[in-house]
Amino acid sequence: TKRSDVSNSEYAKFVSQEVPRDEVSILNSVFSHLAYTFHKNPSNTEAMDAYNGIAFTIRDRLLKRLEDTDSHFISINAKRINYMSMEFLIGRTFDNAMLALGLRKEYSAVSNTLGFNLEDLIDEERDAALGNGGLGRLAACFVDSMACCNYNGWGYGLRYRYGMFQQQIINGYQVEAPDCWMDNPNPWEFPRPEISYKVKFYGNIAKTPSTSSGYTWENAVEYDVMAFDTPVPAFGTKNVGNIRLWSCKTNDLFDLNRFNAGDYPGATGNMVAADILTYVLYPNDNQNAGKELRLKQEYMFVSATIQDIIHRFKLTGKPWSEFHELVAIQLNDTHPTLGIAELQRILVDEEAMSWDAAWDIVTKSFAFTNHTILPEALEKWPVPMMGKILPRHLGIIFDINLFFLQHVEKSIPSEREFLSRISIIEESSPQQVRMAYLAIVGSHRVNGVAQIHSDIIKATIFSEFVKVFGSDKFVNVTNGVTTRRWVNQCNPGLSALITETVGDESWVDDYPKAHLLESRVNDEDFRKRWWDVKQANKLRLATYIKDTCGITVNHDALFDIQVKRIHEYKRQLMNILGVIHRYNTLKKMTPEQRQDQVHRVIIFAGKSASGYYIAKLIIKFINSVADVVNNDKDIGDVLKVVFIPDYCVSAAEVIVPASDISQHISTAGTEASGTSNMKFVMNGGLILGTVDGANVEIAEEVGDDQIFMFGVLAHEVDEFRFNLRYHPDPLDANLQAVYDTIKSGVFGNPDEFNPLVECSHGPGDNYLVSVDFASYLMAQDAVDALYKDRESWITKSILCGSRMGKFTSDRSITDYAENIWNIEPSAVDA
Ligand code: Z16
């Protein structure tokens with residue numbers, strides 16, 4: 001009773017206080033953290049200390065809001081969205097949080113008082129790089145939008161000790177180094193040791209009458225998995241989001257007896273086995289490596305998350321029949337699909353529910369997002385591997401499949417062939433579990449991430465399931481990006497222009513308002529300032545390039561940027577072959593003619609999966625070409641080629657606002673959506689792209705005239721592939737000339753690069769580089785021509801920037817809320 005007295009009186013008064021927002025109070029709280037959290041005083045405070053001291057005061061403010069948000073949603077019994085993702089590519093939080101709290105000016109003054117520039121302190125923060133690329137960054141944008149739009153949404157993921165590797169470029173080659181992002185204190189996470197669950201692996205299944213299902217999972221190895229919470233600051237609301245990341249507890253796995261006997265490896269063996277589960281993020285984007293440790297990661301993640309969701313549900317005291325009214329679970333790709341089997345297992349084995357009642361709850365709660373049709377990316381797990389690690393889940397998956405196939409047989413009279421095509425179990429040797437099929441069967445909605453992609457999955461990889469479940473189960477939710485980070489934070493110059501035009505900052509969380517920019521397209525003064533903002537951002541990037549690569553580039557040149565994961569389907573190879581063509585063309589000109597050409601800086605950045613041989617060779621090739629071009633006295637400033645190492649979220653924040661043109665040139669039908677395309681256009685860059693992914697919808701929004709599009713269409717790709725194999729056309733003369741240059745040895749040993757020649761023409765040309773090359777060069781010529789006409793260029797840039805309202809992730813999240821989750825927003829302070 002004493003404890004509850006306290007919470008009713010003094011404590012209640014304490015927590016109801018607003019956290020002070022004035023400069024003096026903030027400064028005092030910074031002093032307090034410097035002194036009592038970090039053992040520092042102003043005379044021995046270095047930049048890192050200042051960052052930490054300040055960040056911890058923001059941490060305090062975020063935690064208060066997180067608690068308020070949570071109590072609010074609990075008090076109104078709000079349905080919770082659980083966004084399950086193996087990846088959250090968050091990047092930095094500091095600047096984002098200051099902007100969200102509306103305290104950036106105050107913190108800037110406080111930094112100055114401590115003797116630092118706020119910008120320098122911002123650079124002290126390490127990126128949280130718990131993701132590979134688009135999929136992980138999308139998850140981070142979605143949690144931002146859920147919070148910002150006042151939805152009750154949490155992200156669930158894994159707390160990897162090592163995130164996406166750091167990329168070094170040594171002698172032109174990618175070299176990977178571990179991402180030791182936990183070496184410094186992390187102000188943005190809250191360890192929650194009291195929130196922990198047991199997760200089991202291995203063992204065997206026993207038939208027992210003691211459970212309602214008749215099965216128990218015995219002799220398993222057990223680990224304790226604990227939560228770490230990462231609050232997600234939201235702009236324009238007091239709601240704060242949360243990403244709950246899991247990690248193993250290892251301390252009680254230390255074997256003191258072995259230690260005392262001098263067996264040190266033996267003493268720590270179990271600790272290591274538990275720790276290693278979340279050691280490292282698998283660095284594959286759109287590629288499935290099929291490693292046993294990855295399966296264990298997926299299960300550990302899924303099991304802790306489902307237990308946590310159930311725990312929270314039970315606190316409401318509601319009956320199981322209302323589970324799906326309080327819980328939605330979104331699967332970000334197939335990586336968390338075991339969650340379906342895990343929830344079914346807990347309900348039938350531990351909660352004594354009948355199979356059918358449990359399955360009804362499962363399918364009403366889960367929904368599945370597909371992000372790719374590339375066959376090498378689709379997850380399949382060998383049945384023997386799954387049987388060893390997760391024996392009960394394998395049994396449940398076989399049962400799910402049995403009931404599913406029985407249902408199909410009854411509802412559509414079908415031959416064996418049809419059944420084996422849609423079976424969750426592939427009859428290969430060994431058999432494989434097709435995770436996407438399990439995700440479809442266990443979900444009530446399946447969505448693609450751009451209209452063209454959603455259409456393609458219904459017509460191709462999932463067409464049989466459309467026959468079984470009907471078309472309505474398959475929907476589209478076009479991706480989006482958060483305008484908080486990708487406009488307001490990364491481009492202060494542009495943000496000031498939008499704010500001035502709109503009249504206030506409301507566009508930051510109501511992005512369609514940016515369309516007002518269009519009304520100023522003929523205003524001379526505005527046009528000049530628009531151009532100046534771009535030039536200033538290009539200067540900022542030029543400085544970054546100088547610092548990271550040692551290359552001097554002229555910021556008056558056209559900045560042509562392709563930054564994304566290195567992958568054959570994204571066709572960085574076509575880009576660099578085009579650069580060689582440009583180089584050849586320039587070399588043939590007189591110096592006067594050359595100076596007349598549009599000057600270009602071609603910028604690449606991106607990581608290759610560590611085991612992806614061709615992608616790594618493409619990086620080396622780009623660097624070899626860059627070396628030659630950049631050191632050619634004839635060429636000078638007319639053409640520069642740059643490969644920026646270690647592309648990451650914080651690098652993107654410098655790169656994206658600085659493009660004149662960015663390239664999104666995947667073979668039609670291969671890029672599910674793309675999201676950087678949206679960021680570039682929001683920041684006033686034009687795009688050069690194929691008719692693929694979200695490029696299609698961007699063109700619809702900004703107008704066909706505003707975008708440079710080229711290349712074959714998705715429905716033509718198969719035929720072109722066939723022709724390359726069996727009836728090849730003669731090789732394009734320009735491409736032949738490029739190959740001749742490579743073979744002459746100017747870029748180094750031509751034998752080394754021969755695999756790239758072989759995979760860009762003829763039967764090896766899977767991604768139709770040779771087919772699209774001519775139209776690509778024509779589109780590039782059109783880019784040059786327009787850039788010479790500066791006034792037309794500025795007009796297009798403004799029109800693009802003003803028409804991107806659709807691509808805020810707030811719209812994506814609202815689509816999910818209305819069409820899949822069936823939830824309403826609710827603000828904590830409303
Ligand atoms: C990924 O980043 C994507 C798909 C996938 O299956 C796996 C990973 Cl790690 C990307 C898509 O390639 C991209 O087109 C899309 O924009 C992004 O996911 C977000 O949907």
Determine the principal axes of the Cα atoms in the stretch 487-545, then give the extent along each, sorted from largest to smallest and rounded to whole angstroms. 34, 27, 14
What 222 nm value per residue comes from the helices of the chain, counting each DSSP H run with n ≥ 4 as -39,500 (n - 2.57) and dividing by all residues, nearest 500 deg cm²/dmol? -14500 deg cm²/dmol
Rel. contact order, % - alpha carbon contacts under 8 angstrom, at least six apart, the chain: 13 percent
Once the piece of chain linking S75 and K528 is laid out straight, how much longer is it, given 0.36 nm per residue of separation minus the C-alpha distance between them? 157.9 nm
What whole number of Å gives the distance from the Cα centroid of the stretch 284-314 to the Cα centroid of the stretch 602-616? 27 Å
Bridge type composition, the stretch 537-801 - antiparallel percent by DSSP, nearest 5: 0 percent
Between Y11 and A357, what is the FRET efficiency for a Förster distance of 35 Å, r being their Cβ-Cβ separation, to the nearest 0.05? 0.25
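Roughly what percent of Cα-Cα pairs across the stretch 328-462 reach past 17 Å? Walk me through the numbers before you get to the answer.
Values: 5480 of 9045 pairs.
Taking all Cα-Cα pairs of the stretch 328-462, the fraction more than 17 Å apart is 61 percent.
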Point-to-point label distance, V24-D263, nm (Cα→Cβ direction, 7 Å offset): 6.6 nm
Roughly what would the spin-label model give for A35 and R790, points 7 Å off Cα along C-beta, in nm? 5.6 nm
For the pairs K513/K679; K607/K796; K640/K796; K538/K587; K207/K364, flag any whose C-alpha to C-alpha distance is greater than 20 Å. K607/K796; K640/K796; K538/K587; K207/K364
Give me the percent relative contact order of the stretch 537-801, please, defined on Cα pairs under 8 angstrom at least 6 residues apart. 21 percent
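Is the stretch 1-93 rounded, prolate or oblate when judged by the Cα gyration tensor, a ≥ b ≥ c being the square roots of its eigenvalues, rounded requiring a/c under 1.5 and prolate requiring a/b larger than b/c?
On the way: a/c = 2.60, a/b = 1.27, b/c = 2.04.
Taking the square roots of the gyration eigenvalues as a ≥ b ≥ c, the stretch 1-93 is oblate.
Considering only protein heavy atoms and a 1.4 Å probe, what is the carbon-and-sulfur percentage of the accessible area of the stretch 537-801? Before the final figure, lay out each step's value.
Details: 4660 of 9210 Å².
Roughly 51 percent of what the probe reaches on the stretch 537-801 is carbon or sulfur.
May I ask for the net charge around I361, where only other residues with Cβ less than 11 Å from the Cβ of I361 are counted and Lys, Arg are +1 while Asp, Glu are -1? Let's see the in-between values first.
Details: positive: K364; negative: E322, E325, E351, D356, D360.
Residues near I361 contribute -4 overall.
By per-residue mean of other Cβ atoms within 10 Å, what is the highest-first order of 245-253, 801-809? Walk me through the numbers before you get to the answer.
Working: 245-253: 17.7, 801-809: 23.9.
Result, highest mean Cβ count within 10 Å first: 801-809, 245-253.
Show me the ranking of peptides 718-731, 653-666 by mean Cβ neighbours inside 10 Å, starting with the highest. Could the numbers behind the result be given before it?
Values: 718-731: 11.9, 653-666: 24.9.
So the order, starting with the most tightly packed, is 653-666, 718-731.
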In whole angstrom, largest first, the equivalent ellipsoid semi-axes that the Cα gyration tensor gives for the stretch 537-801 are 25, 23, 19
I'd like the distance separating the alpha-carbon centroids of the stretch 508-583 and the stretch 71-125, in whole Å. 26 Å
By the Cα gyration tensor axes a ≥ b ≥ c (a/c under 1.5 gives rounded; else a/b larger than b/c gives prolate, otherwise oblate), the shape of the stretch 565-660 is prolate
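As a test, work out the antiparallel percent of DSSP beta bridges whose residues both lie in the chain, rounded to the nearest 5. Walk me through the intermediate numbers first.
Values: 35 of 82 bridges.
Bridges in the chain that DSSP calls antiparallel: roughly 45 percent.
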Sorted peptide list for 441-449, 335-343, 312-320, 103-111, criterion being average Cβ within 10 angstrom, highest first: 335-343, 441-449, 103-111, 312-320
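Which value, in debye to the nearest 20, gives the size of the charge dipole of the stretch 537-801 about its Cα centre, when Lys and Arg are +1 and Asp and Glu are -1 at the Cβ?
On the way: 24 positive and 35 negative charges, 171 e Å.
About 820 debye.
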Once you have all Cα-Cα distances for the stretch 5-153, histogram them in 5 Å bins from zero and send the whole-percent values. 2, 8, 15, 17, 17, 15, 13, 9, 3, 1, 0
Any chance you could list P(r) for the chain, counting all Cα-Cα pairs in 20 angstrom bins from zero, rounded to whole %? 14, 46, 33, 6, 0
Over the stretch 1-137, what is the mean sequence separation of C-alpha contacts under 8 Å (at least six apart), divided by residue count, expressed as relative contact order in percent? 29 percent
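Treat the stretch 99-223 as a sphere of radius equal to its Kirkwood radius over Cα pairs and apply Stokes-Einstein at 37 °C in a medium of 0.692 mPa s; give the translational diffusion coefficient in µm²/s, rounded to a whole number. Could the numbers behind the result be given before it?
Values: Rh = 19.8 Å.
D, rounded to a whole number, is 166 µm²/s.
Here is the link list: K238/K534; K380/K458; K564/K616. Which ones come out longer than 24 Å on Cα distance? Intermediate results must be reported in sequence, preceding the final value.
Numbers: K238/K534 33 Å; K380/K458 20 Å; K564/K616 14 Å.
Violating the 24 Å limit, Cα to Cα: K238/K534.
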Treating only the Cβ of Lys, Arg, Asp and Glu as charged (+1, +1, -1, -1), what charge dipole size does the chain show about its Cα centre? Round to the nearest 20 debye. 900 debye
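Which three semi-axes in whole Å describe the equivalent ellipsoid of the stretch 159-267, each the square root of 5 times a Cα gyration tensor eigenvalue, listed largest first? Working shown, then result.
On the way: eigenvalues 242, 137, 61 Å².
Calculated on Cα positions only, the semi-axes equal 35, 26, 18 Å.
Taking R0 as 41 Å, what FRET efficiency do you get between N171 and S428 from their Cβ-Cβ distance, rounded to the nearest 0.05?
On the way: r = 41 Å, r/R0 = 1.01.
The value I calculate is 0.50.
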Expected output is a single nm value to one decimal: the length gained when fully extending between R416 and E824, i.e. 0.36 nm times separation in residues minus the C-alpha distance. What is it? 142.4 nm
Hey, rough spin-label estimate for K633 and L731, points 7 angstrom out along Cα→Cβ, what's it come to in nanometres? 3.2 nm
Tell me, what is the per residue accessible area of the stretch 537-801 in Å², probe radius 1.4 Å? 35 Å²
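The values are calculated or read from the model by the stated rules, or taken from the named source; none is laboratory data. Note that the coordinates shown come from a computational prediction; the quantities given were computed from them, not determined experimentally. Counting neighbours? That spans all protein chains shown, and the Cβs are built from the backbone with ideal geometry, glycine included. Heads up: the accessible areas ignore ligands, DNA and RNA and are worked out on the full protein's heavy atoms, side chains in. Shrake-Rupley method; radii C 1.70, N 1.55, O 1.52, S 1.80 Å.
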